[in-house]
Every structure is written in C-alpha cells, then in structure tokens.
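To start, the structure itself, in structure tokens.
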Number of protein chains: 6
Amino acid sequence: MSGLAPGSGLAPGSGAGPAAAMAPVEYADATAEVRAVYDDIMATRKVDWVNNYWKVLANHPATLRRMWANTKEVMGPGALDPLTKELIYMAVSVTNGCRYCIASHGAAARKKGMTAEQQAELIAIIGLANETNRHAFAFDLQIDDRFK
Amino acid sequence: MSGLAPGSGLAPGSGAGPAAAMAPVEYADATAEVRAVYDDIMATRKVDWVNNYWKVLANHPATLRRMWANTKEVMGPGALDPLTKELIYMAVSVTNGCRYCIASHGAAARKKGMTAEQQAELIAIIGLANETNRHAFAFDLQIDDRFK
Amino acid sequence: MSGLAPGSGLAPGSGAGPAAAMAPVEYADATAEVRAVYDDIMATRKVDWVNNYWKVLANHPATLRRMWANTKEVMGPGALDPLTKELIYMAVSVTNGCRYCIASHGAAARKKGMTAEQQAELIAIIGLANETNRHAFAFDLQIDDRFK
Amino acid sequence: MSGLAPGSGLAPGSGAGPAAAMAPVEYADATAEVRAVYDDIMATRKVDWVNNYWKVLANHPATLRRMWANTKEVMGPGALDPLTKELIYMAVSVTNGCRYCIASHGAAARKKGMTAEQQAELIAIIGLANETNRHAFAFDLQIDDRFK
Amino acid sequence: MSGLAPGSGLAPGSGAGPAAAMAPVEYADATAEVRAVYDDIMATRKVDWVNNYWKVLANHPATLRRMWANTKEVMGPGALDPLTKELIYMAVSVTNGCRYCIASHGAAARKKGMTAEQQAELIAIIGLANETNRHAFAFDLQIDDRFK
Amino acid sequence: MSGLAPGSGLAPGSGAGPAAAMAPVEYADATAEVRAVYDDIMATRKVDWVNNYWKVLANHPATLRRMWANTKEVMGPGALDPLTKELIYMAVSVTNGCRYCIASHGAAARKKGMTAEQQAELIAIIGLANETNRHAFAFDLQIDDRFK
C-alpha cells in the first residue's frame, strides 16, 4: 500500500484521534487521482456530491481507489436488483450497529424505492433473525439432513 | 411463561448440556398442542416435515407457539417478496456466523428461487458491508447532513 | 404485515434517514389501536409514560402490537424473578453495545432493586465472559465429555 | 508475560493450528505451579477434575494463574447469587455463539439449580434482547430523558 | 467482590442511567486505595493524568485494582512490542465498534509511533478480515488438512 | 458481477446447502481464468497448493479475482511487517469466532515466525480488549478531551 494524499493533514504521531482527526478531503483540495475517483462516484450514482465515507478514505488514495472498485463491482448491476442489494447491506449494518452505514444505506434504499412498509418489514426480519440465531446457538442445533 | 412438554426429557439439574440434551420432540411423541403448531408449520410451508429448530423449541410449548406466530407474521406475505425476505435473513445469519440458520435459510432461499449467481452476489454484499461497517467505526464517521 | 399509522409522518421515498426520520408517535396523536397498546404498557408497568422504543415502533402498529405481546410474555412473571430477567437483558445489550437498551434496561433494573454493588458485578461478569469466549474461540476448545 | 509450561508441546513455528495444536496439560504432566492452580480450581468448585479451558490455558502458566484469579474474584461470592452469575455468563456466551462456553456454563448453571423452565426463559430473554437491540440500532433511538 | 468508593455518588435505585450516572472519580476525591492505583497508572505510562475508563471503574475499587493488574500484565513488556500490542487492541475495538476504545487506543498507538500509513494499513486489514470471516461463515469452509 | 465457473457443480435451486454444496474447484478442473489466479496465489506465497477459501470462491470467478486482488494489496508489503499483519487478522477472526480463519491465519502467522509466547500474548490481548470494550459500552464512557 502506498501514498498519503497531499494535504491530508495526517501527521505521524499527531495527538489527534483516529477518526475525528481524519478530516474529509474536499474536492477543491483533492489531487487529480482522488478527483478521478470522486468523479466516477458521482457519475455512477448520478449525484453531484460525495459522502463522508469516501472523503475520509481519500486520505489514503490507494484504499479509496480499491474500495470504490469493490463497491462498484459488488453493488453494480447484477442478478439482484439494486433495492434488494441495499436491503442486504442494511441487514448487515443494523446487525452490527453501524450508525453511519444505516444512515447512508437507508437513504440509498429509499432513493431506490424502499417504501415505509418495506422498511418496517426489513427491520422486523433483521430483529427476528438476530433472535433465532441466538436460539440456534443456545440449542446447538444439529443441521437437518434435508438441509445438507 | 408456562409449561414443559410432557415427555420432553428435560429434568431440572440433569447433567446434560443445554443443547445436546434438548432432544427434538418428534411428531409421534408430541402433545396435541405441539402437533397443532407442527401442522400449521407444514400447511403454511406446504411441506411434510418439520425442521429441528421447531422440534427443539417444542420442549417449551409456549415458546414454540410464540416463535411460530412471530415467524408466520414476519416472514409471511407482505411488501417484500418471499425471496428477498430470505436474503435479508441470510445476511443477518452470515454476519453472526450461525451455521444452522445459514443452512436452513439457504435452503429456503434456493427453494424460493435463489440462483447460484444471486447467492454469489448475496455473499459478496454481506462481506463488503461487514468490511465498510468497520471502516466507518474506525473513522468514527460523521453522518452527512444530506442523510439526516 | 400491514398498516402504517395515520399521521406517522412516514412517506415512501422521503429523504429522511431511517432513524431520525422515524418520529415517535405521541399519545395525543395516536390511533385508538396504538393507544390501546400504550395503555397496556403503562398499566402493566405501573407508570404514566411510554418510552421512545414503543413510540417509534408505533409507526407500524402491527409491529408495535407484536413486540409488546412478546415482551409481555417473555419479561412477565415466570420462573426467573424480574430483576434477574433485567440483568440477562443487560448482559446481551452490553455485549452488543446497544446504548439505548443499556440505558432503558439499566433504569428498569435499578427500579427493580439492582444495587450499585450488583451492577458492578454484572458488568464484571459481562466483561469476563466476553474475554473467555474469545479464549475459547482462539483455542477451538473441545467440549469436555462431562459437559455433554 | 512469561514462561511456557515444560512439556506443553508448543514449539515456535510448528505447523500445528492454534487450537488443535494446543494440547490440554493433564495433571500428571503439569508442573507444581500449574498443579497449584488446578488444586485451587478443584477445591473452590468442590469437584475432582479440571475442564479443558484451564488445561489448555495451562500451556502458558502466567495466563492460567491470571485468568483463574479473575474468575475466582468475579464469579465468587458477592451481591449476586451464584446461579444469577451463571445466567449472565450464559447470556453473553449465547449472544456471541461460543459453543464451549454455552456447554460449560450451561452445565454450571444446572449444577447450581437452573430448572428447565428457567433455562427456557433465559433463552427467550436472550433472543428477545438480541432482537430489540437491532430495532434500537435501526431506529437510532434517542435515550428518553427519564432514563438519563 | 466488595466495596464501593466513598463519595462515588452511587445510590442503589437512584434514577440515573448506568453510564451517565457513573461519574468519574477525580484524584482529589479519591480514597488512598484508589489514588494508589492512579499513581501506578501514571508512573507506568509516564503521564500526569488518568483517563475516564479508570476514573469510572474507580467507583468500584476492587474492579479498578483487578483491571489495572490485568492491563499491566497483558499490555506490559513481553514478546510482542508495545505498538503491535496496541494494533491488536485496535483490531478488536474496531471490530466491536467501541468508540471510546478506538479513541483511547488509537491515541496510545500514535504515541507509540504508529504512522498514518500504518494506521491506513491497520484499518484495511481489519476491514478485509471482517469481510473474509463472513465468506468463511457463508461457505461453512472446511479446515484444510495442512492447517491442522 | 458475472460468470459461474464451468463445472462448478452449482445448479440454481438445487437442494444442497450454501456451504456443503459449494464444492472446492480443484486445479485440474479449473478454467484457465481460475488457474491464473491459483498460479498467482502460489507464486506470491511461495507454496505449491491453494487452500479451501480460494477453491470455494472459485465457483464465482469474478469474486475469486476480486478477493485475491484485495488480499494481495492489503496483505502485501507495506508499512506493517508481514507477521504484524497476520496478528491483526487473527485479532479480528478470534473476536468474530471464525474457526476457518483462525486456523488458516494462525498457520500463516506461525509460518511468518510467531512464537508460542507471542501467540499467548496475542490471545491475552484479544481477550482483554473484548472485556474492556464491554466495560466501555456499559459505562457509556465519554471520550477524554486529550484523546480528541
């Protein structure tokens, strides 16, 4: 892995915390390399802004490039429709309790058509699965032959 | 909460472990109350057998009844199609590493039409979301105003 | 699953986030159906107010009703005393890092008599169990025959 | 931290896995230092054997000694009764899906009097708390002023 | 376990939440027993202040003493260098989404020399491992013979 | 995402479970595309075999290619030495309880020089961090100003 963004404000051994210290890299301050990724994010998503996840990742351009390539491939067109992909993302993020991810992918899901009724069902399923997962752990359930 | 199934084999203070000790209650050995739930599970799912989760829960009939009522309501017809519901269930179960739940809901998803390509995408999204959730934690990301 | 609360303020595709957007449904604004659940919560708990969990769930009355029925059955009188039930709830909530749940069930535990000394022991046990769980994972411990 | 048990069979860089390779240290093969801990475990618990967790930890005597001292202090007599302490331990272990810990502390709980009815309630509460924790995450619930 | 700190402000059954209510015990208000631990923390770390974790733990002096003894032994000089120990701590804390721990151990890691480039790699590895862990769960991977 | 491996044995809607059903793709049966990745894995790691993770991923060549590219970039030469990278990987995998990952990365760590003493310290730190993470959750600790 190589290369810190110029002007990222990251100094080795600075007193700042790992998160708060990691200032978002704004488009105006970004290198051509980082701008190219931002441009692709905006073009792919048909929006005119970039959210904080990418702007903080941009402090380490190699990771920005890598994560965007992964996201584009995994969340792009495929055998599952775009809304379903967001619902799966939400199920993971809610299970892990990731506030930022719930906010950002909740917004993405609504943009892709998630209705309030669908959201309510999504949350109900996530809750139920987290419950029954623990029942299965507690009982040390043996997998039925028909499921093998 | 009340009532242990007759013949459940559960004796207070027995040496057996919490899981292995909890023998599945087979239909032939079940009370009328438990059979009624088993019958409803089979009728609702249009199958002729009941999987281990329910048969172990049956040691405590009140919980069997309660969990089946929840499952029927949450996983039944609604605003999300049946396959999408299973994919959400899988996303939670894989995140938590629940072998039994992955096996049983993986089978359910395939029965409802999940293709191998869709399964591959499901797993890829689950992996990516678990990864980016940790990036968000590490950076202590602030939620963008546009997501609020 | 069916039915959004009138006046819930939930519009499909609205820009608001999944959480912040979900405004609590106050008693004065609630339908008769929702008020009936609120009334039962207050009567059962012998309090004159309803906490945010239920007021946000009320945006989807079917879920409100279902979750209250579950809570009433599981947390109601049984073989475990009320305080012990809250301590178990706390152990799960602290393990998962759920701030809201720790606050609400911590308050419930104190109301049911948890002393500061008991709270300190609760937290110590939760910490120790989370530690030894990882030792067991790291060593891939085989279950002793005497535990089977 | 210092000192590997003589005869622990651990060789730096050996090909064996981190768990399977870590053979339990039997009493007959143990050093005086390790035997002293084993003796205290058996005396404290009034049993005539030591379970695998301690026998594997014994490969690193300093950790064995440290973890036993912690366990003795945290799980020993205090403001919470012995069974309640085990139920809290179980709640954490089931939430984390730790098979070994569920088996060992499930056995300990039964030894301390946990009835089948209490076990059923324990598992029901663990499941419910894991479910509502995710509802709280999904809704990003604000903590009620009365809980502060 | 025994003994609450005089002046800890903890009253059984008080209305305060489990966290907010637990006021940090400042040096000026601490007992000789607590001050002795604070002094050892500051001397060991060569700093002139004590962070909130210890000051809140100090409400229960026995736990303060126990946890500091553990931390001193586990995080002290050994076969792994101090920075590596902090990186391992960070990997756990980020996986669990513990904001406080990420902030405090991130600061400790920087103090021990973690560069911005190393921090970026740390976060990348944490993300990747959380991703591939879920792939392994989803596939229910069999352990290769060569790893046993 | 595109393309299933010829001869992967994956048939949509087959009865097999999501894991067991996913047979490893052996080199002899692999397409040129898959073999190219296998060859690069073996050359990069200087070994003459490929472990199950990659062989199961190979059922979906696009994911195999993507995950190997990520692993090569993240785990390759950088600012952290190879052993430290494996220890971080282990810390995540043990926290999540991923048996396969613990076995495979434990073997990798030993190959890169991890001693038994270092392994013992690694596991001790993982345990301690999982413990103190829960203390921080339970206390809802405020981040010290000096850490910001």
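Per-structure values
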{"quantity": "Derived scalar couplings ³J(HN,Hα) [the stretch F:96-101; Karplus, 6.51 cos²θ - 1.76 cosθ + 1.60; whole Hz; x for Gly, Pro]", "calculated": "7, x, 8, 4, 4, 5"}
{"quantity": "GNM top mover of D:GLU26, D:GLU131, D:GLU73 - chain D, alpha-carbon springs below 10 Å", "calculated": "D:GLU131"}
{"quantity": "Summed side-chain charge close to F:GLY78 - residues other than F:GLY78 whose Cβ falls under 10 Å, Lys, Arg +1, Asp, Glu -1", "calculated": "-3"}
{"quantity": "Exceeding the 22 Å Cα-Cα cut-off - candidates C:LYS85/D:LYS85; C:LYS148/D:LYS111; E:LYS85/E:LYS111; D:LYS46/D:LYS72; D:LYS55/F:LYS111; C:LYS111/D:LYS72", "calculated": "D:LYS55/F:LYS111; C:LYS111/D:LYS72"}
{"quantity": "Innermost chain E residue relative to the axis carrying E onto C, by Cβ distance in angstrom", "calculated": "E:GLY97, 3"}
{"quantity": "Two-decimal ratio, the protein assembly as shown, of alpha-carbon radius of gyration to 2.2 N^0.38 Å", "calculated": "0.90"}
{"quantity": "Rg [Å, one decimal], Dmax [Å, integer] - chain D, C-alpha atoms", "calculated": "19.3, 60"}
{"quantity": "Inter-copy spacing of C:TRP49 label points, which lie 7 Å from Cα along Cα→Cβ, given in nm from shortest upward", "calculated": "3.4, 3.4, 5.4, 5.5, 6.4"}
{"quantity": "Peptide F:76-84 - average C-beta neighbours from other chains (10 Å radius)", "calculated": "6"}
{"quantity": "Residue mean of other protein chain beta carbons inside 10 Å, B:47-56", "calculated": "3"}
{"quantity": "Solvent accessible area, Å² - E:TYR100, 1.4 Å probe, full protein context", "calculated": "10 Å²"}
{"quantity": "Built amide H within the under 5 Å cut-off of C:ASP144, gap 5+", "calculated": "D:ASN52"}
{"quantity": "Average beta carbon contacts from partner chains per residue of D:101-113, 10 Å cutoff", "calculated": "6"}
{"quantity": "Pseudo-label separations to other copies for D:ALA23 - Cα-to-Cβ vector, 7 Å, nm", "calculated": "3.7, 3.7, 5.8, 5.9, 7.0"}
{"quantity": "In order through the stretch F:137-143: 3J(HN,Hα) via Karplus (6.51 cos²θ - 1.76 cosθ + 1.60), integer Hz, x for Gly, Pro", "calculated": "5, 4, 8, 6, 4, 7, 6"}
{"quantity": "The protein assembly as shown - accessible surface per residue (Å², probe 1.4 Å)", "calculated": "35 Å²"}
{"quantity": "Hz values of 3J(HN,Hα) by residue in the stretch C:48-54 - Karplus curve (6.51, -1.76, 1.60), Gly and Pro given as x", "calculated": "10, 8, 10, 7, 4, 3, 6"}
{"quantity": "For chain A, calculated [θ]222 nm from helices alone, where every DSSP H run of n ≥ 4 adds -39500 (n - 2.57)", "calculated": "-19000 deg cm²/dmol"}
{"quantity": "Share of carbon and sulfur in the accessible heavy-atom surface of the protein assembly as shown [1.4 Å probe, %]", "calculated": "56 percent"}
{"quantity": "Part-to-part distance (alpha-carbon centres) for the stretch C:89-114 and the stretch B:90-148, which is given in Å", "calculated": "27 Å"}
{"quantity": "Label 7 Å beyond Cα on the Cβ vector: C:ARG35 copy-to-copy distances, nm", "calculated": "4.6, 6.1, 6.1, 7.6, 7.7"}
{"quantity": "Solvent-accessible area of A:SER104 with every protein chain in place, 1.4 Å probe, in Å² to the nearest 10", "calculated": "20 Å²"}
{"quantity": "Accessible area (Å², 1.4 Å probe, nearest 10) - B:ASP140", "calculated": "40 Å²"}
{"quantity": "Accessible surface buried upon D-F contact (total; probe 1.4 Å; Å², nearest 100)", "calculated": "1100 Å²"}
{"quantity": "Under 13 Å, Cβ to Cβ, from B:ASP140 - net charge with Lys/Arg +1 and Asp/Glu -1", "calculated": "+4"}
{"quantity": "D (Stokes-Einstein, µm²/s), Kirkwood Cα radius, the stretch E:96-148, 0.692 mPa s at 37 °C", "calculated": "244 µm²/s"}
{"quantity": "Degrees, to the nearest 10: D:61-75 long Cα axis against longest axis of chain D", "calculated": "30 degrees"}
{"quantity": "Net charge dipole size for chain D [Lys, Arg +1 and Asp, Glu -1 on Cβ; Debye, nearest 20]", "calculated": "160 debye"}
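The values are calculated or read from the model by the stated rules, or taken from the named source; none is laboratory data. Being a predicted model, the structure only gives us computed values, none of them experimental. Reconstructed Cβ throughout: ideal geometry from the backbone, glycine too, with neighbour counts over all protein chains shown. These area figures cover heavy atoms from the full protein model, side chains too; ligands, DNA and RNA do not enter into them. Shrake-Rupley method; radii C 1.70, N 1.55, O 1.52, S 1.80 Å.
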